[in-house]
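For reference, the structure discussed in these notes is given below.
Only the coordinates and a few stated rules stand behind these numbers; no lab work does. A quick note: this is a predicted structure, and the numbers were derived from the prediction, not measured. Counting neighbours? That spans all protein chains shown, and the Cβs are built from the backbone with ideal geometry, glycine included.
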Amino acid sequence: MTAESDQALGHSEYWDKHYAKSDGTAPTHEWYCSFGDLEQFFQINLFEADGLKSSDNPLILHLGSGDSPSLQVIPVELASRGYKRQLCIDFSPTVVDLMTERHAEVKGIEWKLMDVRDMAGVADKSVDFAFDKGTLDAMIHGSPWNPPETVKENTSGYLGEVCFAMNTMKSFFPDQSPRFIGY
């Protein structure tokens with residue numbers, strides 16, 4: 001990717017255009033990995049964690065829902081394991097509408113139009129578990145050692161909103177960018 005295309009990832013217009021290509025049945029993009037790739041992570045950090053088991057009825061916040069493959073959609077997989085309080089937010093109206101329609105039959109998942117940098121629709125200290133599979137990474141471009149001001153503003157806004165929403169920060173899991181792995 002170019003520096004210009006990296007910057008575009010942080011704007012809803014880019015994603016609206018991208019998701020508009022979908023026929024409504026197949027995903028247009030998979031950021032890093034499937035539910036199967038993350039199942040062990042969820043086993044340790046959610047399924048077996050005190051206060052986060054499905055019987056505890058935790059509120060799970062998916063930061064940037066995207067349109068992952070139908071058979072591997074993390075919120076759908078979690079719902080099948082008994083997690084019935086999930087809020088999936090994205091700043092692309094196109095993908096929110098798409099996922100709402102695609103998974104209308106799944107109970108306990110709300111797909112909502114919201115920017116992770118301004119989560120006014122999420123009550124302070126209400127979220128028990130937050131998961132990000134690429135949203136934070138989409139905001140980052142340029143040098144990791146001297147990022148542009150927009151990167152600092154966007155990531156600070158995002159992390160600040162997550163801090164307000166979480167009842168404890170021990171259950172916030174941003175995925176790691178492959179860009180930094182191995183360096």
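If I model a spin label at residue 84 and residue 152 as a point 7 Å from the Cα along the Cα→Cβ vector, what separation in nanometres do I get?
Result: 4.7 nm between the two label points.
Enumerate the calculated ³J(HN,Hα) couplings along the range 134-148 in order (Karplus 6.51 cos²θ - 1.76 cosθ + 1.60, θ = phi - 60°), each rounded to whole Hz, writing x wherever the residue is Gly or Pro.
Result, ordered by residue: x, 5, 4, 4, 5, 7, 9, 8, x, 5, x, 8, 8, x, x Hz.
Just flag the GluC sites (Glu not before Pro) in the range 74-135 sitting in loop per DSSP whose Cβ has no more than 16 other Cβ atoms within 10 Å.
Answer in residue order: 105.
Return a single number: how many Lys pairs in the range 103-160, at a sequence separation of 8 or more or on separate chains, have alpha-carbon atoms below 23 angstrom apart.
Close lysine pairs found across the range 103-160: 5.
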